[in-house]
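Here is the structure we will look at, set down as structure tokens.
The values are calculated or read from the model by the stated rules, or taken from the named source; none is laboratory data. Just so you know, these numbers come straight off a predicted model, no measurement behind them. Please note: Cβ atoms are built from the backbone with ideal geometry, for glycine as well, and neighbour counts cover all protein chains shown. The accessibility values were calculated without ligands, DNA or RNA, using every heavy atom of the protein model including side chains. Shrake-Rupley method; radii C 1.70, N 1.55, O 1.52, S 1.80 Å.
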Amino acid sequence: LQQLPELAALRERGRSLRGQLRALEAEESDLEQKFYLGALQLPNRTHPAVPVGDQSQARLLEVVGEKAVFDFKPKGHLELGEGLDIIRQRRLSHVSGHRSYYLCGAGALLQHALVTFTLRKLLSKGFLPMTVPDLLRGAVFEGCGVQPSANPSPVYNIDPARFEDLCLAGTSEVGIAGYFMDHAVQLQDLPVRVVCSSTCYRAETDTGREPWGLYRVHQFTKVEMFGVTAAEHGTESEELLDEFLGLQKEIFLELGLHYR
């Protein structure tokens, strides 16, 4: 059997095909890298209703409630929080450095209460609760339009000598998007609505705007709404965005907040 000329010819053809395949796989890898790097230069599309330009081009669409008027000069949240001993942001250079803070007593309970309030609200609307990894690979960030390799980087990169290609997420959106990467969803199950409470880590490298209080800090807790829609009619994403906006307004209304 080993001497059959047909078998020898087939074996030779198999060796030839393997050689061709190796060459094609190397070419495919080069092309994939080339086009992937090119694709990273393409910006995300903006919503068609978004004005082009800087903040001066912004349009005020709606004002809900009325801004409170006081017969005295009101204090900011940091001054109030420090006076009540529920926020500590001073004298932390030896502990955690710039743009960090502690919440104590009622401050810590208030954060937990707001997270619980929002989670309960969204669970009652059919959202899928999820917890996500804080450490994710660079490709997941790139898929969300964030480039961890930028200089200065908008994200915290973990020491590559110890942990190859891992970054701290600035929003649970990155982890949720990673969950759906290469993941098939049945059409009848769409849209998928996900809610996640997570710790967000942000390098905040923009030194043009000085932080104040609990704004533009390096770490904070956030509740995220995330949706996955079909694209059968081209309107599904817009409809879910409007639904999310309505839920945000409902949350603000129930908290008794004035907003625009």
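Numerical summary
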| read-out | value |
| --- | --- |
| Stretch in the chain that is longest and holds no GluC sites (Glu not before Pro) that DSSP places in a loop and that have at most 15 other beta carbons within 10 Å | 67-163 |
| Region 17-50: trypsin sites (Lys or Arg not before Pro) falling in loop per DSSP and having at most 16 other Cβ within 10 Å | R45 |
| Net charge over other residues, Cβ less than 15 angstrom from the Cβ of G83 (K, R count +1; D, E count -1) | +1 |
| Heavy-atom SASA rank of C144, C196 (probe 1.4 Å, accessible area, largest first) | C144, C196 |
| Under 5 Å, built H, 5+ apart or other chain: amide partners of Y156 | L168, A203 |
| For region 83-189: rounded, prolate or oblate by the Cα gyration tensor [a/c cutoff 1.5] | oblate |
| Where trypsin sites (Lys or Arg not before Pro) fall in DSSP loop in region 136-203, at most 11 other Cβ within 10 Å | R162 |
| Prolate/oblate/rounded call for region 1-154, Cα gyration tensor, a/c under 1.5 rounded | prolate |
| Efficiency of FRET between H258 and L119 - r from beta-carbon atoms, R0 22 angstrom, step 0.05 | 0.40 |
| The chain: projected area of the alpha-carbon convex hull, averaged over directions, in nm² | 23.6 |
| Once exposed loop chymotrypsin sites (Phe, Trp or Tyr not before Pro) are cut out (DSSP; at most 10 other Cβ, 10 Å), longest piece of the chain | 73-260 |
| Positive-pole candidate from S29, S16, G53, dipole of region 1-67, charges at beta carbon | S16 |
| Where region 2-161 is the region considered: accessible area per residue in Å², 1.4 Å probe | 81 |
| Unit charges at the beta carbon, dipole of the chain: most positive-side option, A231, G107, P160 | G107 |
| Calculated P(r) tail over 18 Å for region 109-255, as whole % of Cα pairs | 64 |
| Cα-Cα over 28 Å, subset of K67/K121; K75/K249; K75/K125; K75/K222 | K75/K125 |
| Accessible surface of region 63-122 [probe 1.4 Å, protein heavy atoms]: carbon and sulfur percent | 59 |
| Per-residue ³J(HN,Hα) for region 113-122, Karplus 6.51 cos²θ - 1.76 cosθ + 1.60, θ = phi - 60°, Hz, x for Gly and Pro | 5, 5, 5, 5, 4, 5, 4, 4, 4, 6 |
